[in-house]
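Everything on this sheet refers to the single structure shown next.
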Amino acid sequence: MSAVGAPTARVPRHGRRIFAIWLVCTAAAVPLIVYVLGPHLPPGRMTSEAGAQTDANTVMTALVAPIVLLIWICVAYSLVVFRARGAAIEDGRPIFGHAPTQTLWILMTTAIVLGLAAWGSYTLIASSDGAGGGQGPNPVALPSDPPGDTLQVQVIGQQWNWTYRFPAYGNVETAHLELPSSTPIELHVTSLDVTHSFWAYELGVKADAVPGVDNIVFVHPRRAGSFSIRCAELCGLWHGHMFQTGQIVSGDRFKAWIAQQQAAGKLNHKYLPPYGRTYFPDPTRRAG
Ligand SMILES: [Cu+2]
């Protein structure tokens, strides 16, 4: 920083020292974040969608680390080097701006923000996994899966439980969610009564469940395993009861499971309205 009335005595080049310390710390921290912390960042890699979120979290953490380190190092350096010594209370030298620093700051923040916007737009539009994240019935980009391969699963939120319907299997209704590991999935999230939010953490899915709305979410499983399901929208007294554990299983196990569900006739239709793309709460239904 340029200062007015600088004394003629040689002033140490604080900026260069700070830069050197910052460079060493950043060179150590960024590879640690990418290679050591990154694989442990949420939400994991059970699905392509979750993997893309883990990648995004890794990139963001690696990008923010140099900025956070610069702030910490400046503060620590100031505490050590610039702290008042002796009894006299003196003001520091006034600072009147520094054009190169300000220009660099504007250029760097612009580059980071525009770079992230370009990367985000690219992954949204060009990804072969599609862009359905529960934003509505018309995702801006569809997955490039072969047509006919996709399994549609309707997720119905209801005070206070989740129910699933499989239109490809005669609208069989289940109280538990199992998904085949080798098949692209298209979740259709909706609600019977109030706004819920279908949050399947390990799948990388969080989609609002709203009556009258068909929110589409694409899921591409990558490996078998169990995942937690929660409601992420305070929906009434037993909101916390909307917790389940779902499974991603092999295609054969899924076929056996769904056949079992069909055979058991676990249909809940006397409680739930017949299958539709969306549902409305009782008063509207009664009003026709
Ligand atoms: Cu809920």
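Peptides 124-131, 28-35 ranked from most to least packed by the mean count of surrounding Cβ atoms within 10 Å: 124-131, 28-35. Measuring max minus min along each principal axis, the C-alpha atoms of region 71-210 give extents of 84, 35, 27 Å (largest first).
Is region 130-288 rounded, prolate or oblate when judged by the Cα gyration tensor, a ≥ b ≥ c being the square roots of its eigenvalues, rounded requiring a/c under 1.5 and prolate requiring a/b larger than b/c? Judged from the Cα gyration tensor, region 130-288 comes out rounded (a/c under 1.5).
With the largest listed first and rounded to whole Å, the semi-axes of the equivalent ellipsoid of region 40-146 from the Cα gyration tensor are 45, 18, 10.
Based on protein heavy atoms only, the chain ends up with 59 Å² per residue of surface accessible to a 1.4 Å probe. Calculate the FRET efficiency for Thr195 and Ala117 from the Cβ-Cβ distance with a Förster distance of 35 Å, rounded to the nearest 0.05. Between Thr195 and Ala117 the formula returns 0.75.
When both region 61-97 and region 15-37 are represented by their alpha-carbon centers, they are found 18 Å apart.
According to the square roots a ≥ b ≥ c of the eigenvalues of the Cα gyration tensor, what is the shape class of region 174-221, taking rounded for a/c under 1.5, prolate for a/b larger than b/c otherwise, and oblate for the remainder? Cα axes put region 174-221 in the prolate bin.
Is the shape of region 186-265 best called rounded, prolate or oblate, per the rule: a/c under 1.5 gives rounded, else a/b larger than b/c gives prolate, else oblate, with a ≥ b ≥ c the square roots of the Cα gyration tensor eigenvalues? Because a/c hits 1.5 or more and a/b exceeds b/c, region 186-265 counts as prolate. Annotation: His40 carries an accessible surface of approximately 150 Å², with a 1.4 Å probe and no ligand, DNA or RNA atoms counted. Counting heavy atoms of the protein chains alone, Met60 has an accessible area of about 100 Å² for a 1.4 Å probe. The heavy atoms of Val36 offer some 90 square angstrom of accessible surface to a 1.4 angstrom probe. With all protein chains in place and ligands, DNA and RNA left out, the 1.4 Å accessible area ranks Leu63, Leu107 as Leu107, Leu63, largest first. Dipole size of the chain about its Cα centre, with +1 on Lys/Arg Cβ and -1 on Asp/Glu Cβ: approximately 920 debye, rounded to the nearest 20.
Of the solvent-accessible surface of the chain, computed with a 1.4 Å probe over protein heavy atoms with every protein chain present, carbon and sulfur atoms account for 64 percent.
Overall size of the chain from C-alpha positions, given as principal axis extents largest first: 91, 40, 32 Å. Local charge for Tyr164 was computed over the other residues whose Cβ lies under 10 Å away, with Lys and Arg +1 and Asp and Glu -1, and equals -1.
Helices in the chain, meaning DSSP H runs of at least 4 residues, each add -39500 (n - 2.57). Divided by all residues, the mean residue ellipticity at 222 nm is -12000 deg cm²/dmol.
The values are calculated or read from the model by the stated rules, or taken from the named source; none is laboratory data. Because the structure is a prediction, the values reported are computed rather than measured. Because the Cβ atoms are built from the backbone with ideal geometry, glycine has one as well, and the counts that use them run over all protein chains shown. Note: areas computed on protein heavy atoms with side chains; ligands, DNA, RNA excluded. Shrake-Rupley method; radii C 1.70, N 1.55, O 1.52, S 1.80 Å.
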